[in-house]
1. Taking 8 Å as the Cα distance limit and 6 or more residues as the minimum spacing, I'd like the relative contact order of region 141-213 as a percentage.
2. Highest mean first, how do 134-140, 91-97 rank when packing is the count of other Cβ atoms within 10 Å averaged over residues?
3. Under 20 °C and 1.002 mPa s, how fast does region 64-256 diffuse according to Stokes-Einstein, given a Kirkwood radius computed over C-alpha pairs? Answer in µm²/s, whole number.
4. Taking the dipole about the Cα centre of region 64-256, with the C-beta of Lys and Arg at +1 and of Asp and Glu at -1, give me whichever of GLY105, TYR230, LEU116 is farthest to the positive side.
5. Which of rounded, prolate, oblate describes region 155-260, given a ≥ b ≥ c as roots of the alpha-carbon gyration tensor eigenvalues and a/c under 1.5 marking rounded, otherwise prolate only if a/b is larger than b/c?
6. Beyond 17 Å, what share of the Cα-Cα pairs of region 131-192 remains, rounded to the nearest whole percent?
7. Going by average Cβ density within 10 Å per residue, which order do the peptides 213-220, 199-206 take, highest to lowest?
8. Give, rounded to the nearest 20 debye, the magnitude of the charge dipole that region 95-239 has about its Cα centre when Lys and Arg contribute +1 at Cβ and Asp and Glu contribute -1 at Cβ.
Amino acid sequence: MAFWFAVACRSPSGSDAASRAPSVTTRASAPPPPTESASAAPEPPAAAPSPPAAASVPAFATPLAPTRVLVVGDSLSDTKAGGGGYLKEALRACPGAELVNRARGGWMVNQMRRDLERVEPSLGRFSHAVVFGGVNDVYSDETAGRTPEKIIRDLEAIYALAKRHGARVIAITIAPWAGFARYYNPKRAESTRIINDWIAGRAASGELEAVVHSGAALSCGEPERLCPEYQAPFRDGLHFGPEGQKRLGQALAPSFAPCP
C-alpha cells in the first residue's frame, strides 16, 4: 500500500495573469517626426493617415477547470480501511473539489491498473489523478511473483492511462515501512528504493505533474521508518494515523493550487 504524492499545478487566474503577463498586442510605433531645415525643399503632401492600431488587450489565462480528483491506491488511501485522510487535508483550500476514491485495501498496482482500465470511459472528467501504491506488491514478491520490473510496468501504465485522458498525474512514493518487521527485509528494502527512485525520475521527465516524497513527509531520522508520532492508532509500522495523514496531505496540497 503506497502512494507517491505527487502534485499538479493549474493556470493562474485571469486577474493574476493580466497583472503579470506582458500585453500580447502592442501598439505600432509612430515614425519619428522629420527634422526641419531652413534650406529644405517644400515637403510633399502628407500621406493619408494609417488606420489606428488595435487597442492593446491584456492576456487572460484559460479559466480554471473544476477540480475533480481521481484516487488510485490501497489501504493507505481507502477510507474504509482507515486511510485517505491526507486527501481531505490536501484539498482543504479547494472546498468545491470533487473526489472519486477508487482505492481498496490490500490492492497491488496490477489490480489498480485493471480497475482503471475497466472504467476508462469515465476518466476524461478528472482534472487530477493521485496514484499511491506499490507496498503490497513489494512484500508479495514470493507469493505473487511481484518484481520491481512488474510493479514499474503497471505503475507506468496507470500514469499513461490517466494522462491520456487529460488528468494531471500526481504520484506518491511508497511510504516508509521498515517497521512492518514481519515482512520487511533487505531484499524488499532494495525493491522499495528501486521503485521510488524510478517514480521520482518520472517528474523530471515530464511524465508526471508532480511527485510527493512520502518518506520525507512521514519519517523522522530513519528514512525507511514511519515517525512514531504519525503511526497511532496503528502499530504495525506500515499504516499511519491522523497525524501522518495530515502531514502527507500538507505535502500534497501544493499540487492542487490554485483552485478555481
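No lab work stands behind these numbers, since they all come straight from the coordinates. Everything quoted here is computed from the prediction, not taken from an experiment. Quick reminder, even Gly has a Cβ in these numbers, built from the backbone with ideal geometry, and neighbours come from all protein chains shown.
1. Taking the mean separation of contacting Cα pairs over the length of region 141-213, I get 40 percent.
2. Ranked from most to least packed, the peptides come out as 134-140, 91-97.
3. 130
4. Going by the charge dipole, the pick is LEU116.
5. Oblate shape, in that a/c is at least 1.5 and b/c is the bigger or equal ratio.
6. Values: 818 of 1891 pairs.
Above the 17 Å cut-off, region 131-192 has 43 percent of its Cα pairs.
7. Working: 213-220: 20.0, 199-206: 14.9.
By packing density, highest mean first, the sequence is 213-220, 199-206.
8. Numbers: 19 positive and 18 negative charges, 61 e Å.
Dipole of region 95-239, to the nearest 20 debye: 300 debye.
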